[in-house]
Structures are given as structure tokens and as C-alpha cells.
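Data block below; observations after.
Please treat every number below as a calculation from the coordinates, not as lab data. Everything numeric here is computed off the predicted structure, so don't read it as measured data. Virtual Cβ from ideal backbone geometry, glycine too; neighbours counted across all protein chains shown.
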Amino acid sequence: MHESKRKVLVIEDSITSMKVIKHLLKGADLEPIGAASLREAREVLSRSGSDEYLCAVVDYCLPDAPEGEAIDFSIEYNVPTIVITGRLDEVTRTNVLAKDVVDYIPKENAQVYEYLVRLVQRLDKNREIGVLVVDDSRLSRTMISSLLKRHNFNTYEAEDGEEGLAALRQYKNIKLVITDENMPNMTGLEMVAEIRRTISKDDLAIIGLSGKGSSALSARFIKSGANDYLNKPYCHEEFFCRVMQNIEYVESIEAIRRASNTDYLTGLPNRRHFFTRIQANLRIAPGNVILGIVDVDQVKWINKQYGYEAGDNVLKSIAKLIEKYFTDCHISRFGGEEFCIYSSGQDTENLLEQYRTFCMEVAQSKIDVGGQFVGFAVNVGISGHFNGDIKETLHFADTNLQKAKEKGDNQIVYS
């Protein structure tokens, strides 16, 4: 079923600004719904309700709402609100930031619109991200959590370092920790140092907080393993910028890792990542190791006859079938036309039946090449021999693969 795009309500009376914002939001695969006045915005939300909207982008000054009344309207409807304005005076800025807005963006240059789209995209991504707030002051925790919730983060709270460590163990979606220094039982610095014993800066960002305003303390936080530091009291805009910057740092590292560990064509783990995962598995559960090599026949012939796109589609089809049938195994595109499937601790006969069913479906599969349906086949060599050296197991599987090829298409040889 086709998933509908996320809607963004844009309340803006400038035709030029509305066009620019709509164009950028559509480019980000979002659906902008425009309203040129507060009255139009009321009509829009009365028809559809607020639940359909990811957020609202609201101009501060409108013909029928000259003093930010439209901001109060969208907040009352519980729609996360981003304010844009041509007013650059400090009074307007202070008035806006006193409201429960996501952010305040002055119309200074073209770059602010790029920032706006990035911010809207973040609101969608943040629904899956956890942030842990560690502070012995309930008031401080509540204030920080309320700010984070404006940006759709999942927030968790702890009143000292020990509770903070327990929360990290419990909630696996936490990407950022915001911690005060002065706490009972375990201080912020002690907690940061303990976290960094097992979790690197690339996997979890930490922002230190303190009301003391000491440059020495900020240096101690950084040296203990924090990614960043903020003095209390802090500006809301700076707080949000620091949070976004640190979350995006962790995400960028994750993206780099995925790119380096993933086969670009099929999306499966690549050969290098496959061996890394196997070595980790062997340390934990080395029992009943079974390794299979799947070789796709006719790919070179299909490339020559129908073009490389057709051959790529065959490989992608095989990858999807492997994912379908071997959900409890470590799988990989091993290179070229070969895929590798590793399992440990599984019942051998059940696993062999999965291979047989997989080959039967491959035999019935075809790809569409310009209206012509082209079939393909695989052969599988499987080894259950393991004496501690996975390379030797691979050798036996490859030997069985050659025997399977000699027998014909969609054949399995196991020893």
C-alpha cells in the first residue's frame, strides 16, 4: 500500500516565500499545504484536523494576525510550530522564543530556507531517536525534556549518573545524553567517563551542562569523553542547534558505516562485514555451524544478451529471496554472482529444507526484460564441517558448489 507523504502547513502571505518553501518541501518528499492568512489556516485545520501535520511553518506577521496570533493558533492545535519572519528586532525574537515554538528563523538570506527544510526533516526523523536527560533537579529535567519534545524526540530522565547508566542499558534508541555535573551518587563527569569505557563518541553523543560557567569544567567534560558542553542558562536557539549538530554527527557516522558494510547493488552486507559478523558470532555461539554458498547461473549470459541492468535485476531478485528464506542467518553478497549464508545453532534438516524451498522458488522466478520474461537458476554448496577455522568451512562449501554445478540447475550439495 502506498504510504502518504507527511503534510506541512505553511501559513505565509508572501507569494514569493510561499513558492520557495513549497518547492523545497516537495523536494524533501513532503506535502506542503498553504494558507495565506490565519482565517485560511483555521479553515484548513477545521477540514482535516491537526494530526495529519508533521509541523506548521508560520509567518509572524499576517494581514489578519499582525502580532504573531497565528503562532498561538498552531500551538493551540498541538502542531509543532516553526516561526519565520522578516522582523529582525530583538523584541520580536524575545516574544517568539517565549512561546512553545520549535525554532525561530529570520528571513535574512536564501540559506535560512535550506535550514528550514533540514529542520522539518529532522522533526520526522526525531520520532525514532531517544535523548537521555540526567540532572538531580526535577525542574531542570522537566524544562530540558519539554524543549526536546517540541522537536519530537523520545525523552528519558534520570536524577543521577547511576540512574543514567541504567537507562542507557534499558533504552537502545538513545543517541544523545545531556547531563549536569553536580549530582549525588555519581557526578556527570564520572558518568561520562564510565560511558566511554564501552560506548564511543561515534555511537553516542554527550553534552555536558553546568551552571558554574567554568572554562576548566568544560575542558574536563570534553577530556572525559563529552562531545560538547553548554553553560546554564543557555539560549534556546543555541541549545537546539547543539542538539541537532550532535545527533547529526552520530547519524553521519552510522551512514558511513552502512555504506562501507553494505553491497551497493543488493543492500545486503558485503564480504568484509560478513566476516566481521561471523567472527563475533563464533565468540558467542559457535555451535552447529553451517555455511552455504549460492552461485547464480546465467548472469554473464543475461548481461551479454539483455544488458547489465537485466543481470543486476537477477542479482537483486536473488538477494530478496535469500532475505525471505534465511531471516535467522547471517547473509552476504560475497562478490560477483555469489552469496553466502551462515548459520549456527539451527536444526540442520530444517535449514536444508529452507534451501530446497528457496531453490524451488528460484526455478519459478523470472525477470521482465522489455516484456520478455527471462528465467535464471542457482546452485548451492553447503558445508557443516567446522573445526574452528571458518575459511576451511568455506573451502568445503565451495567444493560442494562445484559438485552442484556439475549436476545441473538449482542443485544442492551438502556434506
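Hydrodynamic analysis of the stretch 6-123 uses the Kirkwood radius over alpha carbon pairs. Inserted into Stokes-Einstein at 4 °C and 1.567 mPa s, it gives a translational diffusion coefficient of 93 µm²/s.
The relative contact order of the stretch 257-415, computed from alpha carbon pairs under 8 Å that lie at least 6 residues apart in sequence, is 26 percent. Around the amide H of residue 37, modelled in the peptide plane, lie the amide H atoms of 12, all under 5 Å away and 5 or more residues distant in sequence or on another chain. Let's test the formula: R0 of 22 Å, r as the Cβ-Cβ distance of residue 201 and residue 255. What FRET efficiency results, to the nearest 0.05? Using R0 = 22 Å, I get an efficiency of 0.90.
Simple point charges give the picture: +1 on the Cβ of Lys and Arg, -1 on the Cβ of Asp and Glu, and for the stretch 6-123 a dipole about the Cα centre of about 400 debye. A cut-off of 5 Å between modelled amide H atoms, ignoring neighbours fewer than 5 places along the same chain, links residue 84 with 58, 59, 60, 105.
Under a model in which nothing but the beta-carbon of Lys, Arg (+1) and Asp, Glu (-1) is charged, the stretch 129-258 shows a dipole of about 260 debye around its Cα centre. Each residue of the stretch 186-197 was assigned a 3J(HN,Hα) from its phi angle through the Karplus curve 6.51 cos²θ - 1.76 cosθ + 1.60 (θ = phi - 60°); the sequence is 8, 6, x, 4, 5, 5, 4, 4, 5, 4, 6, 5 Hz, with glycine and proline shown as x. Could you please report the charge total around residue 240, scoring K, R as +1 and D, E as -1 over all other residues with beta-carbon less than 9 angstrom from its beta-carbon? Charge balance near residue 240 sits at -1.
Over the Cα atoms of the stretch 309-357, the radius of gyration divided by the Kirkwood radius equals 1.01; this is the Rg/Rh ratio.
What separates the Cα centres of the stretch 101-137 and the stretch 183-247 is a distance of 19 Å.
Between residue 30 and any residue 5 or more places off or on another chain, the built amide H atoms are never under 5 Å apart.
What translational diffusion coefficient, to the nearest whole µm²/s, does the stretch 271-414 have by Stokes-Einstein, given a Kirkwood radius computed over alpha-carbon pairs, a temperature of 25 °C and 0.890 mPa s viscosity? This corresponds to a translational diffusion coefficient of 158 µm²/s. Rg/Rh, computed from the Cα trace of the stretch 339-415 with Rh as the Kirkwood radius, has the value 1.06.
For the stretch 306-366, the relative contact order comes to 28 percent (Cα pairs under 8 Å, sequence separation of at least 6). Working from label points 7 Å from Cα in the Cα-to-Cβ sense, the residue 305 to residue 238 distance is 6.8 nm.
Taking the centroid of alpha carbons for each part, the stretch 315-349 and the stretch 1-70 are 46 Å apart. With the convex hull constructed from alpha-carbon coordinates only, the stretch 250-311 shows a mean projected area of 6.2 nm² over all directions.
With both residues required to sit in the chain, DSSP beta bridges show an antiparallel share near 35%.
Its residue count N fixes a reference of 2.2 N^0.38 Å for the stretch 93-207, and the Cα radius of gyration divided by that reference is 1.20. Remark: the stretch 63-77, residue by residue, has Karplus-estimated 3J(HN,Hα) of x, 9, 8, x, 10, x, 5, 5, 5, 4, 4, 5, 5, 4, 7 Hz, where x stands for each Gly or Pro and the curve is 6.51 cos²θ - 1.76 cosθ + 1.60 at θ = phi - 60°.
The charge dipole of the chain, taken about its Cα centre with unit charges on the Cβ atoms of Lys, Arg (+1), Asp and Glu (-1) only, comes to about 880 debye.
Compared with the alpha-carbon gap, the fully stretched path from residue 391 to residue 143 is longer by 83.7 nm at 0.36 nm per residue. When restricted to Cα atoms, the stretch 208-301 yields an Rg and a Dmax of 22.8, 71 Å, respectively.
Given 37 °C and 0.692 mPa s, compute D for the chain with the Stokes-Einstein relation, Rh being the Kirkwood radius over Cα pairs; round to the nearest whole µm²/s.
Estimated via Stokes-Einstein, D reaches 128 µm²/s.
All distinct Cα pairs of the stretch 160-208 go into the 1/r average, and the inverse of that average, the Kirkwood radius, is 10.8 Å.
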